[in-house]
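To start, the structure under review is shown below, and the notes come after it.
The values are calculated or read from the model by the stated rules, or taken from the named source; none is laboratory data. It should be emphasised that the depicted structure is a prediction, and the values quoted were computed from it without experimental measurement. Don't worry about glycine lacking a Cβ; one is built from the backbone with ideal geometry, like all the others, and counts go over all protein chains shown.
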Amino acid sequence: MMVEGIGDSFQKETKYARGRTPAGGVNWAGRADLYKEYPSAEKTRLPSYDAAGLTTLNDCLLSRKSVRDFSPEPLSLRQISYLLWASTGIQRREDGYAFRTSPSAGALYPVETYLVANNIEQLAKGVYHYSVKDHSLEGLKAGEFGDIAASSALDQKMCARAQVVFIWTAIFQRSKWKYGQRAYRYVYLDAGHIAAHLSLAAVSLGLGSCQIAALYDDEVNSLLGVDGSDESVLYMTALGNR
């Protein structure tokens, strides 16, 4: 008989059943801000990207695969702009709400996007946060962090060779105020939606990517400057020219 672990217990304790929703009701007082911002950070406004002529979705699906080797040519800031918008940018505004390109449970959007920029034209090397609200990058740390990203991803060297590494975290309270402990199921689903969008958007631009869940959580959190409790890393993607 297999011994029940913490994951097994979590799956069991967060089940929904008729007449039983363990979320415990909506905690309106605990509602978190929808957008994370760094007011003192230097902002890089992202240019618009004309998506006309991109590869069709069917061709993207046929061509998508994990790419771990990247050529040295830099990415353009326009490509980065499109990749960020396609994965988690604002798609439309309706009735005062801003809906994004990827789905999110309750439209709460707990996932934040960070970049480790290794080789991008018109963008200094460093760590950045994607400001969804105004489609810009907020500079957090200047310098070369590719080797640190690789080391924190269980020494996967592709993170140092890739032009950019996308890192996703969750601000858990953004979902927990409504869904309680079941929110933890949803934040990982949300991150998966975003990464899938990114991987297909990369193919549409002729780029390659590899999704990474094998990582040292606290090391990645330290790289980003997040506490690992209220906000913690979920997922990564190394991306660049094939």
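Where in segment 159-228 are the helices (runs of 4 or more DSSP H), entirely inside, with at least 2 residues that are under 11 Å from the mean Cα position of the chain (by Cα) and under 19 Å from L115 (Cβ atoms)?
The qualifying helices (runs of 4 or more DSSP H) are 183-204.
Looking only at segment 51-67, how many residues end up being surrounded by fewer than 17 Cβ atoms within 10 Å (Cβ to Cβ) and either touching a Leu at 6+ places or on another chain (Cβ under 9 Å) or assigned to a loop (DSSP other than H, G, I, E, B) (or both)?
9
If you check S9, S48, which single one turns out to be small (G, A, S), at pLDDT 90 or above, exposed (fewer than 14 other Cβ atoms within 10 Å of the Cβ) and outside any loop (DSSP other than H, G, I, E, B)?
Working: S48 fails: outside any loop (DSSP other than H, G, I, E, B).
Step by step, each of S9, S48 is checked, and only S9 is small (G, A, S), at pLDDT 90 or above, exposed (fewer than 14 other Cβ atoms within 10 Å of the Cβ) and outside any loop (DSSP other than H, G, I, E, B).
Under 6 Å between Cβ atoms, which residue pairs at least 6 apart in sequence (or on different chains) link something in segment 173-201 that is buried (at least 20 other Cβ atoms within 10 Å of the Cβ) and modelled with pLDDT of 95 or more with a partner that is basic (K, R) and outside any helix (DSSP H, G or I)?
Pairs that qualify, where the first residue is buried (at least 20 other Cβ atoms within 10 Å of the Cβ) and modelled with pLDDT of 95 or more and the partner is basic (K, R) and outside any helix (DSSP H, G or I), are S199/R64.
Within segment 125-136, identify whether any single residue is surrounded by fewer than 14 Cβ atoms within 10 Å (Cβ to Cβ) and within 26 Å of S232 (Cβ to Cβ), and answer yes or no.
yes
How many residues does segment 68-87 contain that are outside any loop (DSSP other than H, G, I, E, B) and among the polar types (S, T, N, Q)?
Residues flagged as outside any loop (DSSP other than H, G, I, E, B) and among the polar types (S, T, N, Q) within segment 68-87 amount to 3.
Please list, ordered by first then second residue, the pairs with beta carbon atoms under 8 Å, 6 or more apart or interchain, first in segment 25-36 and farther than 13 Å from Y179 by Cα, second exposed (fewer than 13 other Cβ atoms within 10 Å of the Cβ).
Between residues of segment 25-36 that are farther than 13 Å from Y179 by Cα and residues that are exposed (fewer than 13 other Cβ atoms within 10 Å of the Cβ), the close pairs are Y35/K133.
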